[in-house]
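Chemist: Next up is a structure, given as structure tokens.
Values quoted throughout were computed directly from the atomic coordinates according to the rules given, and no laboratory measurement underlies them. Because the structure is predicted, anything quoted here is derived from the model rather than measured. Neighbour counts are summed over all protein chains in view; Cβ atoms, including those assigned to glycine, are modelled from backbone coordinates with ideal geometry.
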Amino acid sequence: MKILVADDSRVMRQIVIRTLRQAGYDDHETIEAENGAEGLEKVKAEAPDVILSDWNMPEKTGLEFLKELRQSGDNTPFGFVTSEGSEDMRAQAADAGAAFLIAKPFDAETFTTHLGSLLG
Amino acid sequence: MKTNTNQAEEFVMLFTEALRNIFNTLLPDLTGDEFMMCHVTKVTQPSMPEAGCCATVDVTGDHYGSVFVIADEATANNFSRIMHEEDNPSHEDRLDAIGELVNIVGGSGKALMEGENRIDLPVTLGFGAENPVMLPSKADVWQVVSPLGLIVVSTVMHNVTGE
């Protein structure tokens, strides 16, 4: 399967990819995007199976990315990996169609819990 | 009704716990070493490095203010090495690593605040003798003593509504 990781921080993209590896998903292909706008382009070009996105990004936020994706009819499973996880944000994420919201810092077990049903 | 003083004291207490949780989750996870633990203390006179990397993120809304993360060059390099998995990170890598730390720390701080608040994108800069970094006089300051070096965390927060 192909996993798109969208985050404006290169180090956080690497940490997310490393955590995927630690969670046992190292046989999946990962692709990266630096913001929501690039994320939309990568979805069109690469058709990922799962999207993991930061919330707060330049150009287009993670929430805008998700909303535009759903408005275009794309239902690729989408989860947030972000630095905060307030109840309000979790509600906004769920309303927009996100499968989950993982707040930093996180560990491999958290990824397994949320991604297990999506990645097998 | 909580007074501003009570709110500030409660924020400091909760933020101290949040910092302990962040660094004592992050470092063992990044290094694979469960004993990679940090000691977090609230201080009045921080040991400010003479040169290094600084990152700040602003919070706006019902509260406004800033969160800072400051590290000397060696500490920033150590964090960057484990976060980027690179033996020789560049200065931009070091700034990126400290920027991500302030993003995580700032996000936790915002989560402790009541009301509607937003967190901006992190801003990073290198500092040294010619462009020293100085914290605001009313800042709350914490020191995070880690096996990778000393990190200074600071917050300056105001409640816009005054409640």
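Chemist: Under the rule of -39500 (n - 2.57) per DSSP H run of 4 or more residues, summed and divided by the residues of the protein assembly as shown, what mean residue ellipticity at 222 nm is obtained, to the nearest 500 deg cm²/dmol? Display every interim value, and only then the final one.
Modeler: Values: 8 runs with 117 residues, N = 283.
Computed mean residue ellipticity for the protein assembly as shown: -13500 deg cm²/dmol.
Chemist: What pairs in A:Lys42/A:Lys104; B:Lys110/B:Lys138; A:Lys42/A:Lys67 have C-alpha atoms more than 21 Å from each other?
Modeler: Details: A:Lys42/A:Lys104 24 Å; B:Lys110/B:Lys138 18 Å; A:Lys42/A:Lys67 16 Å.
From the list (A:Lys42/A:Lys104; B:Lys110/B:Lys138; A:Lys42/A:Lys67), the Cα-Cα distance tops 21 Å for A:Lys42/A:Lys104.
Chemist: Apply the Karplus parameterisation 6.51 cos²θ - 1.76 cosθ + 1.60, with θ equal to phi minus 60°, to every residue of region B:34-50 and state each ³J(HN,Hα) to the nearest whole Hz, in sequence, with x for glycine and proline.
Modeler: Couplings: 5, 8, 7, 9, 10, 10, 10, 9, 7, 10, 9, 10, x, 7, 7, x, 7 Hz.
Chemist: Okay, moving on. Sorting check: for B:100-107, A:106-113, A:37-44, which peptide has the highest mean count of neighbouring beta carbons within 10 Å, and how do the rest follow?
Modeler: Working: B:100-107: 27.0, A:106-113: 17.0, A:37-44: 18.5.
Highest mean packing first, the order is B:100-107, A:37-44, A:106-113.
Chemist: Relative contact order for chain B: what percent, with Cα pairs under 8 Å and sequence separation of 6 or more?
Modeler: On the way: 310 pairs, mean separation 53.3, N = 163.
Taking the mean separation of contacting Cα pairs over the length of chain B, I get 33 percent.
Chemist: Rounded to the nearest 0.05, what FRET efficiency do B:Met134 and B:Glu114 give with R0 = 45 Å and r taken as the Cβ-Cβ distance? Could you check?
Modeler: Values: r = 29 Å, r/R0 = 0.65.
Computed FRET efficiency for B:Met134 and B:Glu114 comes out at 0.95.
Chemist: If you take each beta carbon of peptide A:77-88 and count the beta carbons of other chains within 10 angstrom, what is the mean?
Modeler: Counting Cβ atoms of other protein chains within 10 Å of each residue's Cβ and averaging gives 4.
Chemist: Rounded to the nearest 0.05, what FRET efficiency do B:Glu92 and B:Thr5 have when you use their Cβ-Cβ distance and R0 = 35 Å? Don't skip to the end; give the middle numbers.
Modeler: Working: r = 41 Å, r/R0 = 1.18.
E between B:Glu92 and B:Thr5, to the nearest 0.05, is 0.25.
Chemist: Also, I was wondering about something else. When ranked by the protection proxy of mean other Cβ atoms within 10 Å per residue, highest first, what sequence do the peptides B:45-55, B:68-78, B:113-123 form? Could you put the intermediate results ahead of the total?
Modeler: Working: B:45-55: 18.4, B:68-78: 22.7, B:113-123: 16.2.
Per-residue mean Cβ counts within 10 Å order the peptides as B:68-78, B:45-55, B:113-123.
Chemist: If you count, for every residue in A:5-12, the Cβ atoms of partner chains within 10 Å of its Cβ, what is the mean? Walk me through the intermediate numbers first.
Modeler: Working: counts 0, 0, 2, 6, 9, 8, 18, 7.
Mean number of neighbouring Cβ atoms from other chains: 6.
Chemist: Now, a different point. Regarding chain B, what are the three Cα extents along the principal axes, ordered largest first, in Å?
Modeler: 52, 39, 28 Å, listed from the longest principal axis down.
Chemist: Viscosity 1.567 mPa s, temperature 4 °C: give me the Stokes-Einstein translational D for region B:50-121 in µm²/s, with Rh taken as the Kirkwood radius over C-alpha pairs.
Modeler: On the way: Rh = 12.7 Å.
Here the translational diffusion coefficient equals 102 µm²/s.
Chemist: DSSP beta bridges in the protein assembly as shown, what fraction antiparallel, as a percent rounded to 5?
Modeler: 70 percent
Chemist: Right, here's the next one. What nm distance separates the two modelled labels at B:His158 and A:Glu29, each placed 7 Å from Cα along Cα→Cβ?
Modeler: A separation of 5.2 nm, rounded to one decimal place.
Chemist: Another question, if that's okay. For A:Ile102, enumerate residues with amide H under 5 Å from its amide H, sequence gap 5+ or separate chain, H modeled in the peptide plane.
Modeler: A:Phe80, A:Val81, A:Thr82
Chemist: Still on this structure, please answer the following. Could you work out, residue by residue across A:48-56, how many beta carbons of other chains sit within 10 Å of that residue's beta carbon, and then give the average as an integer? The partial results should precede the final answer.
Modeler: Working: counts 0, 0, 0, 0, 0, 0, 1, 2, 9.
Per-residue shielding by partner chains comes out at 1.
Chemist: Before anything else, pin down the relative contact order of region B:71-158: Cα pairs under 8 Å, at least 6 apart, normalised by residue count, whole percent. All intermediate terms of the calculation are to be shown ahead of the outcome.
Modeler: Values: 80 pairs, mean separation 24.9, N = 88.
Dividing the mean separation by the residue count of region B:71-158 yields 28 percent.
Chemist: Which order do the peptides A:71-77, A:6-12 come out in when sorted by mean C-beta neighbours inside 10 angstrom, highest first? Kindly include the intermediate steps, with their values, before the conclusion.
Modeler: Values: A:71-77: 12.3, A:6-12: 24.1.
Top of the packing list down: A:6-12, A:71-77.
Chemist: For chain A, what is the relative contact order in percent, using Cα pairs closer than 8 Å and at least 6 residues apart in sequence? Walk me through the numbers before you get to the answer.
Modeler: On the way: 197 pairs, mean separation 30.6, N = 120.
After rounding, I find 26 percent.
Chemist: Listing B:Phe11, B:Phe23, B:Phe79 from the residue with the fewest other Cβ atoms within 10 Å to the one with the most, what is the order? Let's see the in-between values first.
Modeler: Working: B:Phe11 20, B:Phe23 25, B:Phe79 28.
So the residues, fewest neighbours to most, are B:Phe11, B:Phe23, B:Phe79.
Chemist: Cα-based Rg (one decimal) and Dmax (whole number) for chain A, in Å?
Modeler: Cα only, chain A: 12.7, 35 Å (Rg, Dmax).
Chemist: Taking 0.36 nm per intervening residue step and subtracting the Cα-Cα distance, what contour gain separates B:Thr31 from B:Ala74 on full extension?
Modeler: Details: separation 43, 0.36 × 43 = 15.48 nm, distance 1.71 nm.
Contour length minus the Cα-Cα distance gives 13.8 nm.
Chemist: What does a probe at A:Asp49 reach in region A:76-114, counting residues whose amide N is under 13 Å from the point 7 Å along Cα→Cβ?
Modeler: Answer for this model: A:77.
Chemist: May I ask for the net charge around B:Val144, where only other residues with Cβ less than 12 Å from the Cβ of B:Val144 are counted and Lys, Arg are +1 while Asp, Glu are -1? Don't skip to the answer; put the middle values down first.
Modeler: Details: positive: B:Arg20, B:Lys42; negative: none.
Taking every Cβ under 12 Å from that of B:Val144, the sum is +2.
Chemist: Considering just Cα atoms, how many Å³ per residue does the convex hull of region B:1-74 enclose?
Modeler: Values: hull volume 10.0 nm³, N = 74.
Taking only Cα atoms, region B:1-74 has a hull volume of 135 Å³ per residue.
Chemist: Which stretch or stretches of region A:84-112 have amide N atoms under 15 Å from the point lying 7 Å from A:Ser72's Cα along the Cα→Cβ direction?
Modeler: none
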